[in-house]
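Worksheet: one structure, shown below.
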Amino acid sequence: MAWTGARTRRAHHFLAASLSIIFSWGGKRIMCSTEATTSPPTFIFIRIIGPETKDDDDGRLLVQQPQGPRDTSRSDVRPVFSRDEYEALVSGKGTTDAPPPDRAMSKLFSFPLPESAVGSGRDSADESKSNDCAQMASVYESVLIINEGRVDACYKVISMAELFQLVETRPSCINQSLIDHVLHLYRQRKRDSRIPNRRLLLGSSGSNIDAYTLRPKPAVLFLDCDDCLYFDDWHIAGHLTKKIEEHCQQEFGLPKGYAYTLYKQHGTALRGLIAEGYLSKDGAVDVFLDSVHDLPIHELLSPDVELREMLLKVDPSIRKFVFTASVSHHAQRCLEALGIVDLIEGIIDVKDCQFETKHSVSSFHAAMKKAGVDDPESCVFLDDSVKNIEAARKVGWRSVLVGRIGRDCGKPVTSEHAEHEVDRIHQLPDILPELFLPKGAVG
């Protein structure tokens, strides 16, 4: 059953026709069989360019909606078209009287059909063959130059924001789980493609456009403290380095500069002191940590209003933790001085990680355990260390490198393991908008 939009139909006829797109193509059922497999569906998003829009504007889409007796309790729409429907539309056989597109369809991605869609179109006898083939549907996009005033009742121009809001808040308006899935994939891909320099990391969801999948919704935001939540040209870092150097010389009789050697070899001077037997994991560690972090933080840092406003706009369902290689009372003082202590749920420090550094994957597992999160890809990590970013990638976390100038070398640094790189944490909304509430929303 094909629905071109050229005839008037009742809502239940529209639904039946829509379902035929999910489970049939060219009049054939989608079946997973070793003998014959039909082509899976092709979904086409039609982006509207009107007299007042710019060529690069992708904020409006053409959607289909059923005709018939008006039911004010429903607002059924179908935002994707079959290839036949698309060809009928642009050839003038549809009811929009639209001119041909100014460019051909462009492929956005292919995605594996959800099991529910393939299974519903498969005979029970073929159940054992479900792994013999992979049904990959394709999603395309096209641009039409169209006079919006000439779109009749069968079609509607709708903003992407409005359409996605319908998916989130009124899924019954779409009626089909597969269409809903395609909409979420499309939204993710369009959002990612608008962000400059985003890396598509192999092994991460949403990175393989030949087998595109949804990333899980971010659950926890892990924020490094020093030189990430704030940047002061490494002044506090310099104070800490001096305190560690003095402690190592006075308490352990180590030569000048050896504390920095331990830091370079082991990731932190503390880890090096433990590894080389200068400190044991008892009260001596607490004495060391208290001594080297005895700094007047409230004199060195001041409230960051811009940072606070940004964190207030984070989706409240996403929990926020500071994840530091330092000690919790130092991070606590930093949060207080920055004026954001009430916005952070907890602090994960070096003690929580059994004195391991963030170069070790065990620290990331410890952080997940304390935060109570199981899915690594739902963890988003911000840090200024490329080695820490690399370790996070091994665990499966999504990461952002904050700060693109190295402290030691004074030259640009980069990490192939980071999805994004920014100069300062305040740029986070520009690169990961999914972390934040939509404009106008109240948390």
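The values are calculated or read from the model by the stated rules, or taken from the named source; none is laboratory data. As the structure is a computational prediction, the values presented were derived from the model and not from experiment. No Cβ is skipped: glycine too gets one built from the backbone with ideal geometry, and neighbour counts run over all protein chains shown. Accessible surface is based on the protein model in full, side chains and every heavy atom, while ligands, DNA and RNA are left aside. Shrake-Rupley method; radii C 1.70, N 1.55, O 1.52, S 1.80 Å.
Give me the pairs: first residue in the stretch 276-300 and among the hydroxyl-bearing types (Ser, Thr, Tyr), second residue open to solvent by less than 40 Å² (accessible area, probe 1.4 Å) and at pLDDT 90 or above, beta-carbon distance under 6 Å, and six or more apart or on different chains, which are they? Partner pairs satisfying both residue conditions: SER291/HIS247. Residues considered: SER378, SER415, SER399. Of these, the only one that is of a type in the set (S, T, N, Q), over 18 Å from PHE231 (Cα atoms) and in contact with a Phe, Trp or Tyr (Cβ under 7 Å, 6 or more places away or on another chain) is SER399. Residues in the stretch 204-221 that are without any contact (Cβ under 8 Å) to a residue 40 or more places away in the chain and surrounded by fewer than 16 Cβ atoms within 10 Å (Cβ to Cβ): LEU214 only. Within the stretch 417-427, the set of residues being open to solvent by less than 50 Å² (accessible area, probe 1.4 Å) and touching a strand residue (DSSP E or B) at 6+ places or on another chain (Cβ under 8 Å) comprises HIS417, ALA418, GLU419, HIS420, GLU421, VAL422, ILE425.
Set side by side, the residues THR357, THR414 differ, and just one is surrounded by fewer than 20 Cβ atoms within 10 Å (Cβ to Cβ) and farther than 15 Å from PHE321 by Cβ, which is THR414. A Cβ distance below 8 Å, combined with a sequence gap of six or more or placement on separate chains, defines the contacts here; from the stretch 391-405, residues that are in contact (Cβ under 8 Å) with a residue 12 or more places away in the chain and within 16 Å of LYS369 (Cβ to Cβ) reach residues that are assigned to a strand (DSSP E or B) and β-branched (Val, Ile, Thr) in the pairs TRP397/VAL380.
If we scan the stretch 224-231, do we find a residue that is in a loop (DSSP other than H, G, I, E, B), modelled with pLDDT of 90 or more and open to solvent by 70 Å² or more (accessible area, probe 1.4 Å)? For the stretch 224-231, residues in a loop (DSSP other than H, G, I, E, B), modelled with pLDDT of 90 or more and open to solvent by 70 Å² or more (accessible area, probe 1.4 Å): present. Within the set ASP383, ASP430, ASP352, the sole residue that is open to solvent by 30 Å² or more (accessible area, probe 1.4 Å) and under 19 Å from PHE323 (Cβ atoms) turns out to be ASP352.
Is it fair to say GLU377 is open to solvent by less than 50 Å² (accessible area, probe 1.4 Å), part of a helix (DSSP H, G or I) and farther than 13 Å from PHE323 by Cα? Spelling it out, GLU377 is indeed open to solvent by less than 50 Å² (accessible area, probe 1.4 Å), part of a helix (DSSP H, G or I) and farther than 13 Å from PHE323 by Cα.
Taken together, the residues in the stretch 297-319 that are surrounded by fewer than 16 Cβ atoms within 10 Å (Cβ to Cβ) and outside any loop (DSSP other than H, G, I, E, B) amount to 8.
Set side by side, the residues ALA325, ALA366 differ, and just one is without any contact (Cβ under 8 Å) to a residue 40 or more places away in the chain and hydrophobic (A, V, I, L, M, F, W, C), which is ALA366. Does ASP192 satisfy the condition of being surrounded by 15 or more Cβ atoms within 10 Å (Cβ to Cβ), on the phi > 0 side of the Ramachandran plot and of a type outside the set (Ser, Thr, Tyr)? No. Restricting attention to the stretch 258-274, the residues that are free of Cβ contacts under 8 Å to residues at least 12 places away in the same chain and more than 37 Å from the chain's Cα centre (by Cα) add up to 2.
For the stretch 371-409, the candidate set comprises residues that are over 17 Å from ILE431 (Cβ atoms) and basic (Lys, Arg); within that set, the residue that is modelled with the lowest pLDDT is ARG407. A single member of TYR186, TYR263, TYR212 is in a helix (DSSP H, G or I) and touching a strand residue (DSSP E or B) at 6+ places or on another chain (Cβ under 7 Å), and it is TYR186. Checking ARG393, ARG407 one by one, the residue that is open to solvent by 30 Å² or more (accessible area, probe 1.4 Å) and part of a loop (DSSP other than H, G, I, E, B) is ARG407 and no other. Check whether at least one residue in the stretch 335-352 is in a helix (DSSP H, G or I), under 18 Å from GLY238 (Cβ atoms) and modelled with pLDDT of 95 or more, and report yes or no. Yes, there is a match, as at least one residue in the stretch 335-352 is in a helix (DSSP H, G or I), under 18 Å from GLY238 (Cβ atoms) and modelled with pLDDT of 95 or more.
Listed here are the residues, each with its yes/no results for (1) open to solvent by 60 Å² or more (accessible area, probe 1.4 Å); (2) within 23 Å of ASP383 (Cα to Cα); (3) touching a strand residue (DSSP E or B) at 6+ places or on another chain (Cβ under 9 Å).
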residue	(1), (2), (3)
SER291	no, no, no
LEU295	no, yes, no
PHE321	no, yes, yes
GLN332	yes, yes, yes
LEU335	no, yes, yes
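Scanning the stretch 380-388 turns up at least one residue that is in a helix (DSSP H, G or I) and either in contact with a His (Cβ under 7 Å, 6 or more places away or on another chain) or on the phi > 0 side of the Ramachandran plot (or both).
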